[in-house]
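Structure, as structure tokens:
Derivation of every value follows stated rules applied to the coordinates shown; laboratory data play no part. Since the model is a prediction, treat every value here as computed from it, not as a measurement. For neighbour counting, all protein chains shown are included, and Cβ atoms are generated from backbone atoms with ideal geometry for every residue, glycine included.
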Amino acid sequence: MTVVTLGVHIVDVLARPVESIPEGQDTHLLEEIRITAAGAAAGTAVDLAKLGVPVASAGAVGDDELGDFLVLIMKRHGVDVAGITRKPGERTAASILPIRPDGGRPSFHVPGANLGFSPADLDPALVTGARLVHLGGMDVTWGLHDPAFFELLRAARQGGTLITMDLLSNMPDLVTGARTFLPHVDYFLPNEEQALMITQAADVEKAAAALLAEGPTGVIVTLGAEGSLVATAAGTVRVPALEVPVVDTTGCGDAYCAGFIAGLLDGRDVEAAARLGTAVAARVAGGLGSDAGLDGLTLQTIAEGN
């Protein structure tokens, strides 16, 4: 398998546009409701599959109906789901997202089985046999904060596997705990709030430099409407966001990661891969859900803005 996304798997239920929560038993009519496979591993996997990249996903879901749905929908999109563990008696992680008219996304969330995913649930060959492993949400997969998992990442990198990582939460205790993964990662893709939170730096440039010093080859900080900042040993460059009508920002970070990963595997340099990530994220922002707007597209058509 070319890519393995490893970590957080969530079922998202999204509705738009939601201006307020109805009082009592009132009903508000909406334009659209969707249910999707999401989370920093599952969402990225689906986006990669839609971009034509062979991908497997590994993580933990419950043995409930939501778990059935998540596995089914990922498989339908072309993701190899053999690495997804079903946890008896546990709930599948899920979120309810009432999307505001401006694309903002407050959430109601159940963490579920993600918290218990551990190295014992993982086939090491899935990791060491991949061209690239994407760690999605290491801040909330506490069971992977394990020396045995760090050793597996070390062995994979020695064999030529690239490791990328992004985070899920903006909770200080969780985000800072993910810092222990940085020596085992080639490319780290936090958002601005996460980067500043981990480093306590005064600005995003200093935060990227501090993170780069901890081991990664590159640090790519996503900045929302301001684009992203790419930091490597060669220097720092800003990649502007694309101007698009924003429907929903859910999953834009996962989409950016998918585009960036696809760009790296396509032989593009880090800046060019970041520009592809920007273009994929812009596509997703134009629709509802973490995989919106990607059906029937290729890397070439996205890069050309078609």
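Overview of results
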item	result
Unmet criterion (only one of (1) surrounded by fewer than 22 Cβ atoms within 10 Å (Cβ to Cβ); (2) in a helix (DSSP H, G or I); (3) under 14 Å from the mean Cα position of the chain (by Cα)) for CYS257	(1)
Residues located in region 108-155, provided they are without any contact (Cβ under 8 Å) to a residue 24 or more places away in the chain and more than 20 Å from ALA37 (Cα to Cα)	ALA120, ALA125, PRO147, GLU151
Residue check, ALA37 touching a residue at least 40 places away in the same chain (Cβ under 8 Å), farther than 18 Å from GLY253 by Cβ, in contact with a His (Cβ under 9 Å, 6 or more places away or on another chain) and surrounded by 14 or more Cβ atoms within 10 Å (Cβ to Cβ)	no
Subset of region 260-277 [closer than 12 Å to SER228 by Cβ, crowded, with 23+ Cβ neighbours inside 10 Å and not aromatic (Phe, Trp, Tyr)]	ALA273, ALA274, LEU276, GLY277
Output for region 1-29, where each listed residue is free of Cβ contacts under 8 Å to residues at least 40 places away in the same chain and not β-branched (Val, Ile, Thr)	SER20, PRO22, GLU23, GLY24, GLN25, ASP26, HIS28, LEU29
Test: THR176 is surrounded by 18 or more Cβ atoms within 10 Å (Cβ to Cβ) and either over 18 Å from SER118 (Cβ atoms) or among the charged types (D, E, K, R) (or both)	no
Matching residues in region 152-195 - criterion: being under 17 Å from CYS257 (Cα atoms), out of contact with any His (no Cβ under 9 Å at 6 or more places or on another chain) and of a type in the set (S, T, N, Q)	THR161, SER169, ASN191, GLN194
Residues that are among the small types (Gly, Ala, Ser) and either touching a Cys at 6+ places or on another chain (Cβ under 6 Å) or buried (at least 19 other Cβ atoms within 10 Å of the Cβ) (or both), drawn from region 110-168	GLY112, ALA113, ALA130, GLY136, GLY137, ALA156
